[in-house]
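The numbers here are math on the coordinates, done by the rules we state, and not lab data. This structure is a prediction, so every number in the text was calculated from the model and none was measured. All Cβ positions, glycine included, derive from the backbone under ideal geometry; neighbour counts span all protein chains shown.
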Amino acid sequence: MAIRWYKRLFLKIFITVWVTSFLVIALTAFVVGHLSEKERDRDVLSARVLGQAELMIDRYERNGRLPAMKEWRRSHDDLREKRWFPIKVQIVALSSGKVIFGRENIRKFREPLTLKVTSDSGSEYQVVAETHLPPNLGAKLFGFFLSVQVGLLMVVAGIAALLISLMVVRPVNRLRQYTCDLYNGDLSARTDDSLSRRGDEIGELSREFNQMAEYVEQTLQSNTHLLQDVSHELRAPLARLQMAAGLAGQKMSDTDQQYIERINQECERINRLIDEILRLSRLEQMEVSDQPFVLNSVIDTLVDDFRFSASQHPIEWHPVAYRIKGNPALLERALSNILGNAVKHTPAGTQISIVAELTADKVNIRITDQGEGLSAEQLAKMFKPFVRFTGQQNGYGLGLSIAQRATQLLGGSLTASSPAGAGLELLLSFPKA
């Protein structure tokens, strides 16, 4: 089953790392910038307050009158837009404790700034100013995320997320491909050295995969040899059994011949089963050539044979000059079993269609019959050896297994589908020669 794009591991890792790293870096930069800007504004405000306070004190000592608040505000009109204007200010003469400017209670000052000023006459004054500035974080944050710095942060975070995603997903995809090769019949599939030599968890998984593939290959080869040995050993006692049945039939009356015929019929079934088992096990020993051949050289002969032996099933086939690589005997074995399966399990008079299609890099052979079709559960099991479905008593469940293995040895794939009301469709796909 194909993975949907939004569920892919690469996309999940990439988006997670990208968003997380971007937010962490961006918010850190914003907070640090905001604190440094706040400290800078406080320093600028301190210098402004000190300079203006010195002017007010000098005017107070020369004129002997208290400056009005409107004079202070008028002198700070140019600072209002920059939010450097202190709302509350108080100047106190330290020698007398007299407040010469401002009447507010300094306990209500937010973030008060206290300065000491010594006038030209040597008198000391204390200046207290409220330095609390409106945060205005919304505008700052909006401006920050529209800045060039944020664009650079997104690019850097995206590159980091891409590298991390590739470091994890690429070796996983390579392991997945090796697993698919092993599943599709390539028992020699092993991971490459760059994966198996890694010292992390992926390298450990790669080495464990190689051990598993080695075990699977040895097990299947042992089973193949066992099937061959058992099949050959069964041939001799089966031949003796048939001979004994023949001799016994010569001495029995005509009324007892039905038992001998039954014995011969069962012996013939066992013989056909042994032939199927040997045919399946011998596929591995067949030569796999890389020479190209034309499909017509195989399919034309098969179609003629089935039109003669199974004339009750019309076969539709239009010859084409497509070419694939491999041993033509393997393709003949695969198609013969598929056509034989279609003839066995479809009603007489229904048509069997063979269509060859050419794509950019594949040659597809599509075989369709007009039978009852199979369910999704049956389609998932149909290529397994010795699998027969209810109502299918003729055959031993090896035909399609042989066809699939022969297709894999040619470097192709065999899949099945059963559209509603359209019978069974088998698709053989091969690399284009």
- [ ] Check cross-link reach from Lys344 to the lysines: straight Cα distance under 21 Å, and skip same-chain residues fewer than eight apart.
- [x] Lys381, Lys384
- [ ] Would you work out which of Val230, Met243, Gln211 lies farthest towards the positive end of the dipole of segment 201-285? Charges go on Cβ: Lys and Arg +1, Asp and Glu -1.
- [x] Met243
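Is segment 201-285 best put as rounded, prolate or oblate by its Cα gyration tensor, with a ≥ b ≥ c the root eigenvalues, rounded for a/c under 1.5, and otherwise prolate when a/b is larger than b/c, oblate when not?
Details: a/c = 5.53, a/b = 4.61, b/c = 1.20.
Prolate shape, in that a/c is at least 1.5 and a/b is the bigger ratio.
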- [ ] Go through segment 231-236 residue by residue and turn each phi into a ³J(HN,Hα) via Karplus (6.51, -1.76, 1.60, θ = phi - 60°); whole Hz please, and just put x for glycine and proline.
- [x] 5, 5, 5, 6, 4, 5
Open item on the list: Whole angstrom only: what separates the Cα centroid of segment 148-166 from the Cα centroid of segment 189-205?
Closed with: 29 Å
- [ ] Would you grab the residues whose amide H sits under 5 Å from the one on His313? Only those 5+ places off in sequence or on another chain, please, with H modelled 1.01 Å from N.
- [x] Gly349
Task: HN-Hα J in Hz across segment 352-361 - Karplus 6.51, -1.76, 1.60, θ = phi - 60°, x for Gly and Pro - done: 10, 10, 10, 10, 9, 10, 10, 10, 4, 9
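From the C-alpha coordinates alone, can you work out the Kirkwood hydrodynamic radius of segment 222-345, in Å? It would help to have the intermediate numbers written out before the result.
Working: mean 1/r = 0.0560 Å⁻¹.
After inverting the pairwise mean of 1/r, the radius is 17.8 Å.
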- [ ] Would you kindly derive the ³J(HN,Hα) couplings of segment 205-213 from the backbone phi angles with the Karplus curve 6.51 cos²θ - 1.76 cosθ + 1.60 (θ = phi - 60°), listing them in order in whole Hz, with x for Gly and Pro?
- [x] 5, 5, 5, 5, 5, 4, 5, 5, 5
